[in-house]
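To keep things clear, I will list the structure first and then write my remarks on it.
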There are 2 protein chains.
Amino acid sequence: MSQIHEPGKGRGGEAGTASLSRRRFLSAAGIGAGVAAAAPLSAVAARAAAPDPNIVPVPDWTKTLGVGVNNNPYGVPSKFEKDVVRREVEWLTASRESSVSFTPLYALDGVITPNGLCFVRHHGGEAEIDPDKYRFMIHGLVDKPLVFTLDDIKRMPGRVNRAYFLECAANSGMEWRGAQLNGCQFTHGMIHNVFYTGVPLRAFLDAAGVKTSAKWVLAEGADASVMTRSIPLHKALDDCLVAFAMNGEALRPEQGYPVRLVVPGWEGNMWVKWLRRLEVGDQPWAQREETAKYTDLLADGRSRRYTFIMDAKSVVTSPSPQAPLKHKGPNVLSGIAWSGRGTIKRVDVSLDGGRNWTTARIEGPAMPMAMTRFYLDFDWDGRELLVQSRAMDETGYVQPSKAELRKVRGENSIYHNNGIQTWLVHGNGETENVEVG
Amino acid sequence: MSQIHEPGKGRGGEAGTASLSRRRFLSAAGIGAGVAAAAPLSAVAARAAAPDPNIVPVPDWTKTLGVGVNNNPYGVPSKFEKDVVRREVEWLTASRESSVSFTPLYALDGVITPNGLCFVRHHGGEAEIDPDKYRFMIHGLVDKPLVFTLDDIKRMPGRVNRAYFLECAANSGMEWRGAQLNGCQFTHGMIHNVFYTGVPLRAFLDAAGVKTSAKWVLAEGADASVMTRSIPLHKALDDCLVAFAMNGEALRPEQGYPVRLVVPGWEGNMWVKWLRRLEVGDQPWAQREETAKYTDLLADGRSRRYTFIMDAKSVVTSPSPQAPLKHKGPNVLSGIAWSGRGTIKRVDVSLDGGRNWTTARIEGPAMPMAMTRFYLDFDWDGRELLVQSRAMDETGYVQPSKAELRKVRGENSIYHNNGIQTWLVHGNGETENVEVG
């Protein structure tokens, strides 16, 4: 946790150069600084006091007129960030229409996932919907079935803005039997965290008038998979949203443009994209995606069903296999934590495989059912590290180890793996996915 | 504020169609709902209970397999949103290298500005900086001048995540002499609101050791304009950030990639992009952009200088000239408010040019020195409206009228126009920029 007093000092080639520049700069700037202090600090003197360009050269980009404004009316990332993209795991699925691409968590920071990098999971490809032709209907056990245009939805009173994580139930699913994939993009990248703008689903149910016998709703998507999921009425009336914007702009096509369902804290498959209808009923519908899929097969052959809530979980995003340690000395460990049951209250970090734990700094807003950022400032002496993080939420629930999970759930599961992740940092800084304990 | 019980009822062509569909749907769904309630709600029955496709047809996009995942590894907006882009005002500047493009506020919602739509103001074009060659130096009245690589900055302890608005001092500047530009994109679009990840500037000053005679710092950019601004030391030590990420990903090139200064609540010009050096001194430097520009010329010929803070301000983004009213009956008025002196505490809205005011709903997080969203649910009977909003911040400051501003500041100013904006909504819903009072 020591202050950096010697920046640029490291083992890497670039850092070595920086260190050299710095030493040269120190002596040169010592003179420069003296001049600046003695002379009046007019604009001219300020120029004179600037560092000697022979020591810290004026960079090339200062000598050239840059590209003008609005080169891209809708801006794009720097060309130097071209590798920061959603990625697929080639062998994972048979077709790209029913597949997944993963959020590059290792390269991201803060609390928001940029829209262009939010992971994508399709079951029948991406529906391309003309917003003028879009309709949302509500029917079933209601007094008055209703159909809404997109304009109608935007005219509903009670519009809200809320940040929520969306995690696929299968996130980390490939890790049940041990370390498989070398990078948090692949082990944990089926998550994103977005500010949604939308209308509480309750407003639509109130408008239609829910009959007293109603206990469940069925949400259906307008894509080719006709995604359908049963949701208990109490959840639908509690905090679900009919959302039309994400991070300030219209929903992205791959996230359900123009309208998706938001089901805070519950598995991502229920957040029906391209939302077409909501049916009110008195029991769950037992659709394909809640029977053949999205159930948890236990060791004794029975399956857990309707396991909606995503429990507290966390992962260190840096260092991680795609973001190795590059320097000895001061470093910042960065990670994310989330819980479908509320707010993250604490994250502990271990650098020795779970023997010793240090409480990390939660930094930025810690909102209920939203991704929360944590940091641990630490010094690295070049020793091997076994990096782990352990999240605790406001209910007192503590993220379990993978061994604890397997004891209860066996090894048949795909979904709801919220076990503690371990990264092995080698002496040269390279980092890999391992399992301990 | 009435509940929408009759969605789809409006004057527009599309809405008329929706209304027709709805009426047809009501009778058809009446039957369908009856069947669903009587029969067991198995998966099959659920299909049977779905609306008659002859009445609410299964849309074309459900019948076609969509595009697979990762068609765009870095995702882009829907083609139906192609007009939601940053725009320029052609006559405003002589060259695009020293110009501005405006945020399409009218089409946005929530509290975050997407990175691709954040307004851009360049003075010498966009510097294209190789992050491996990037250096940040701190010198002047310090014990120990220092040079940092980008890696060094990311290794500094104390990294934080904070959302702040950035408003150009010239935002709304063209409106000093009356209504000029027809759209909030152009009258108020030199603002964005972003979550930054970075390191407090104080950490760098502490590392270098600020001499006791120091009172100001000079921040300089590495672009061709060599943008330089003087900042009081107390602000530099308080809440300024050396930021390397925005909304979760690396800074965008046009926002200063790889590193910009964040100066919360203060005019955007001071948030030096492509941050190259910070010089510590004992008085301001009187650089071009704080003498010839970014001063406020008063009626008597004197100029206000170093007017850093952006006072409380607000604007209704919908309805507005680019987002006219399309329907009678229930509507949602949406707007944004912000203050450089802290948190927005209240926003009042008038629909009659300031005679009567209603307190709007502040929705989503209201963070200090960050853009805050407000809504007013209202019924429109087709009468002409004069829409205004008036922000109040935690200091008790109330956003002034343009007349009040002119009384104090005259009409020579370009900068720091935080007067109340008025939109005239005509009976046909079309909306224009007007001035009242």
Run through the other copies and list how far each one's label point is from that of B:E404, in nm with one decimal, shortest first; the point sits 7 Å from Cα along Cα-Cβ. 5.7
Packing-based ranking, highest mean first, of A:319-327, B:385-393 given that Cβ atoms within 10 Å are counted: B:385-393, A:319-327
Listed by chain and number, the residues whose amide H is under 5 Å from that of A:A163, excluding neighbours fewer than 5 places away on the same chain and using placed H, are A:Y196
If we hang a label 7 Å off Cα along the beta carbon direction at B:E90, how far is it from the matching labels on the other copies, in nm, shortest first? 5.0
Of all the accessible heavy-atom surface of the protein assembly as shown, with the other protein chains kept in place and a 1.4 Å probe, what percent is carbon and sulfur? 51
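Would you kindly work out the equivalent ellipsoid of chain B from its C-alpha gyration tensor and give its semi-axes, the square roots of five times the eigenvalues, largest first in whole Å? Walk me through the numbers on the way to the answer.
Numbers: eigenvalues 423, 167, 69 Å².
Computed over chain B, the values are 46, 29, 19 Å.
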Return the sequence-ordered ³J(HN,Hα) values of segment B:266-277 in whole Hz as given by the Karplus equation 6.51 cos²θ - 1.76 cosθ + 1.60 applied to θ = phi - 60°, using x for Gly and Pro. 9, 4, x, 4, 7, 7, 4, 8, 6, 4, 9, 8
Would you mind classifying segment A:50-120 by shape? Square roots of the alpha carbon gyration tensor eigenvalues, ordered a ≥ b ≥ c; an a/c under 1.5 is rounded, otherwise it is prolate if a/b is larger than b/c and oblate if not. prolate
Would you be so kind as to list the residues of segment A:152-189 that have their accessible area lowered by at least 50 Å² in the full protein complex compared with their chain by itself (1.4 Å probe)? A:R155, A:P157, A:R159, A:N161
Of A:S230, A:Q180, A:G124, which is farthest on the positive side of the dipole of segment A:96-304, counting Cα position, with +1 on Lys and Arg Cβ, -1 on Asp and Glu Cβ, and the Cα centre as origin? A:S230
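Sort largest first and round to whole Å: the equivalent ellipsoid semi-axes of segment B:141-253, each the square root of five times a Cα gyration tensor eigenvalue.
Gyration-tensor ellipsoid for segment B:141-253: 31, 18, 13 Å.
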Rolling a 1.4 Å sphere over the protein heavy atoms, what is the accessible area per residue of the protein assembly as shown, to the nearest Å²? 35
Chains A and B: accessible area buried, summed over both chains, 1.4 Å probe, nearest 100 Å², reads 11900
Positive dipole terminus of segment B:313-434, leading residue within B:S314, B:N417, B:T395 (C-beta point charges): B:T395
Solvent exposure ordering (accessible area, 1.4 Å, most first) of A:V434, B:V242: A:V434, B:V242
Taking the label point 7 Å from Cα in the Cβ direction, how far apart in nm is A:A299 from each other copy of itself, listed shortest first? 8.5
Which parts of segment A:153-182 would a label at B:D379 reach, counting a residue when its backbone N lies under 19 Å from a point 7 Å out along Cα-to-Cβ? A:153-159
For a quick check of your reading of the filter: which GluC sites (Glu not before Pro) in segment B:326-415 sit in a DSSP loop and have no more than 13 other Cβ atoms within 10 Å? B:E384, B:E411
So who's got an amide H within less than 5 Å of the one on B:L141, skipping anything under 5 residues away but keeping other chains? H placed 1.01 Å off N, in plane. B:V280, B:G281
Leaving ligands, DNA and RNA out of it, work out the accessible area of A:R305 with a 1.4 Å probe and give it in Å² to the nearest 10. 130
In chain A, which helices (entire DSSP H runs) extend 30 Å or more along their own long axis, judged by Cα positions, while averaging at least -1.0 on the Kyte-Doolittle scale? A:13-38
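What per residue convex hull volume, in Å³, do the alpha-carbon atoms of the protein assembly as shown yield?
Cα-based convex hull of the protein assembly as shown, divided per residue, equals 154 Å³.
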Could you order the peptides B:129-137, B:415-423 from most to least packed, using the average number of other C-beta atoms within 10 Å per residue? B:415-423, B:129-137
Could you please report the charge total around A:G256, scoring K, R as +1 and D, E as -1 over all other residues with beta-carbon less than 11 angstrom from its beta-carbon? +1
I want the antiparallel fraction of DSSP beta bridges within the protein assembly as shown, as a percent rounded to 5. 95
HN-Hα couplings for segment A:279-295 via Karplus (6.51, -1.76, 1.60; θ = phi - 60°), in whole Hz with x for Gly/Pro, come out as 9, 9, x, 10, 7, x, 8, 6, 6, 3, 7, 10, 10, 5, 10, 6, 10
Heads up, segment A:362-427 by the C-alpha gyration tensor (a ≥ b ≥ c square roots of eigenvalues; a/c under 1.5 rounded, else a/b over b/c prolate, else oblate) looks oblate
Förster radius 51 Å - calculated FRET efficiency between B:E394 and B:D143, Cβ distance, rounded to 0.05: 0.85
Rounded to the nearest 5, what % of the DSSP beta bridges within chain B are antiparallel ones? 95
Treating only Lys and Arg (+1) and Asp and Glu (-1) as charged, each at its beta carbon, one finds that segment B:95-304 has a dipole about its Cα centre, in Debye to the nearest 20, of 300
Please label the shape of segment A:245-284 as rounded, prolate or oblate, based on the square roots a ≥ b ≥ c of the eigenvalues of the alpha-carbon gyration tensor (a/c under 1.5 means rounded; beyond that, a/b larger than b/c means prolate, else oblate). prolate
Roughly how big is chain B's charge dipole about its Cα centre, with Cβ charges of +1 (Lys, Arg) and -1 (Asp, Glu), in debye to the nearest 20? 340
Dipole magnitude of the protein assembly as shown about its Cα centre, charges +1 at Lys/Arg Cβ and -1 at Asp/Glu Cβ only, in debye to the nearest 20? 560
Counting only other residues whose beta carbon sits under 10 Å from that of B:I191, what net charge do I get with K and R as +1, D and E as -1? 0
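Run the numbers on segment A:313-434 and let me know its relative contact order in percent, using alpha-carbon pairs under 8 Å that are six or more apart.
33
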Once all protein chains are kept in place, B:K63 shows an accessible area at probe 1.4 Å, nearest 10 Å², of 140
Quick one: which residues, 5+ away or cross-chain, put their amide H under 5 Å from the amide H of A:L92? H built at 1.01 Å from N. none
Per-residue HN-Hα couplings for segment A:218-235, Karplus 6.51 cos²θ - 1.76 cosθ + 1.60 at θ = phi - 60°, whole Hz, x for Gly and Pro? 10, 9, 10, x, 9, 7, 5, 7, 6, 4, 9, 9, 8, 10, x, 4, 4, 5
Ranked by GNM mean-square fluctuation in chain A (Cα springs under 10 Å), the top entry among A:T317, A:T307, A:T187 is A:T307
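The values are calculated or read from the model by the stated rules, or taken from the named source; none is laboratory data. All of these numbers come straight from a predicted model, not from anything done at the bench. A quick note on method: Cβ atoms are made from the backbone with ideal geometry, for glycine too, and the neighbour counts reach across all protein chains shown. With ligands, DNA and RNA removed, areas are computed over all heavy atoms of the protein, side chains included. Shrake-Rupley method; radii C 1.70, N 1.55, O 1.52, S 1.80 Å.
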